[in-house]
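What follows draws every value from the coordinates through simple rules; no lab data is involved. In this text the structure is predicted, and so the values were computed from the model without any measurement. Every residue, glycine as well, gets a Cβ built from its backbone with ideal geometry; the counts of neighbours run over all protein chains shown.
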C-alpha cells in the first residue's frame, strides 16, 4: 500500500528520520516490508512510503511529527471535474466502509486548472455516495464536523490522487490538552522542533516561557517512550483521565483513530496486530519508567509569568500520564536561572510577549493580556493536505498568507516587546553561559533585538505563520 504522511511545513527531514525509526522497531518489521521515499529536499508537506496496510496502525500510534496518515486509493491524470467523478466512482468504497457511516470529503490543489475546488469536492462526494447507493441500496450521510470517514483528494496541474484518512482527527490532538488556554503550539510541531535541538533524554531541558507546557510534555513523553497516540489508543484503560475540554471528545479512546472505523482494520488478523503493537509499546514504557523513576530524573523544567498557564501546564502534565508534578515555577523569564545550577543544557521557547493571535475576521488578540483566549482549529491551514479551500479559489490561500505577513510586520514593532527582548538577550548572556538556546518566532528580526548572533536559523510554519527556529550558542564565561 502507498501512504502519504502529512507534517507541518519544514519538518519533512525529521519526519523521514522518525518513519525510519518506527519501521525499524521489531514489532513493525513483523508487519512486512517498509520502503520510505527519499527525504524531500524542499518542503512537500509530508513524506511518502510503501508499507503493509497494518503500517497505518503503527504510524498513527507512534508518529509524533505526523499530522495525518493518508492511505492512497488511486492516482490518475485528469482534465475536468467529470474525470474526478469517473475515478472516484470506480473505487470499491463498499470494501472500506458502509453506507451507515458518515462521510467528509476534502480537496486541496496546487496549480490545478479547475476554477472551483468546491465543485471538484462535490463531484468526488457524489461519486462515492452514488457508488455506495448502487452497491448497497443506501447512501451515506455527509458530516463535515464529526465524520466517521474522511476522504481527501489532491490535485496537481495534471494528476489527481485520492486518499483515505486513517487518522480521523489530526494527530497533533493527543487528548491531554486543556483547550481553554491561549493559542497553543501544536504538539507535532513541538516534537519536530525538539528533534532540531538535538536534545536527548537525560539532558537538561528548560522553557522559561512554557505556557501550557507543550515543549516540556512532548519531551517528557519522548523520554518515557509514551506513544503520542496512547490516550486515543486506549492504552491507559480506566486510569486515563483526559480533559473534558481536550480538543473535543473525538480524541479520547472512545473514538480513537480513523482506521478503527474502516472495515479492513476490523478483521481478526488486523485486530491482533493492533493488540501486539500496543503491548510492545507498553513494555517499552515500563522499561523507561525504571530508567526515569521520578520527575527529577527527567531534568525537564519550566517557568511562566502567568499563574493560570502554570496551573494549566500541571493539569496537562497529569492528563499526559506523566509522573508526579512537573518542575515548574511562576516566574518572570527575566528572573529565571539555570535549574539546579546546571551550567549546560537546552533552552527552548516560543515567546508569547507582544505576539498576536490571528482570529476570525482578521482581528488581533494579545496573548499576554488574555490567557483565556481559545485556540480555533478551524484556522489551521498547515499545508496543502490540511484544509479544504472553501472559497473555491486557490488564490485565497496566497492572499491570506500575504495578509498574515503584513500583520506580522506591524506587530514586530511593538516597543514593549522590543525592550523585553533586549533585556532577555542580556539575561541569557549573563546567566546561561554554556547553554544552547532555541527560539521559535515569527519575528525575523529577533536576533538583532536580542543582540545575539544566531548560529543557525531553520524555516518552519506554525499553522499559516512563517516562522524561524533560531539557535543561539551561549559561550561559558571565562573565570576571572
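Fewest first, what order do 94, 27 take by the number of other Cβ atoms within 10 Å?
Details: 94 14, 27 17.
The fewest-first ordering by Cβ neighbours comes to 94, 27.
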Checklist outcome for this item: Note on region 5-123: the mean projected area of its alpha-carbon convex hull, in nm², is 8.9 nm²
Next on the checklist: Can you tell me, using C-alpha contacts under 8 Å and at least 6 residues apart, the relative contact order of region 12-83 as a whole percent?
Outcome noted: 32 percent
Item to check | In Å, descending, principal axis extents of the Cα set of region 423-480 | outcome: 48, 18, 14
Checklist entry - Rounded, prolate or oblate: which fits region 127-226, taking a ≥ b ≥ c as square roots of the Cα gyration tensor eigenvalues, rounded meaning a/c under 1.5, else prolate when a/b beats b/c? => result prolate
Checklist entry - Rg to Rh ratio, region 295-346, alpha-carbon atoms and Kirkwood radius? => result 0.97
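Which ordering of 215, 3 is given by a fewest-first count of other beta-carbon atoms within 10 Å? List each step's numbers first, then the result.
Values: 215 30, 3 24.
Arranged by neighbour count, lowest to highest, 215, 3 become 3, 215.
In Å, what Kirkwood hydrodynamic radius results for region 1-41 from the alpha-carbon pair distances? Walk me through the numbers on the way to the answer.
On the way: mean 1/r = 0.0900 Å⁻¹.
Kirkwood radius, region 1-41: 11.1 Å.
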Checklist outcome for this item: Going from the fewest other Cβ atoms within 10 Å to the most, one would list 154, 110 as 110, 154
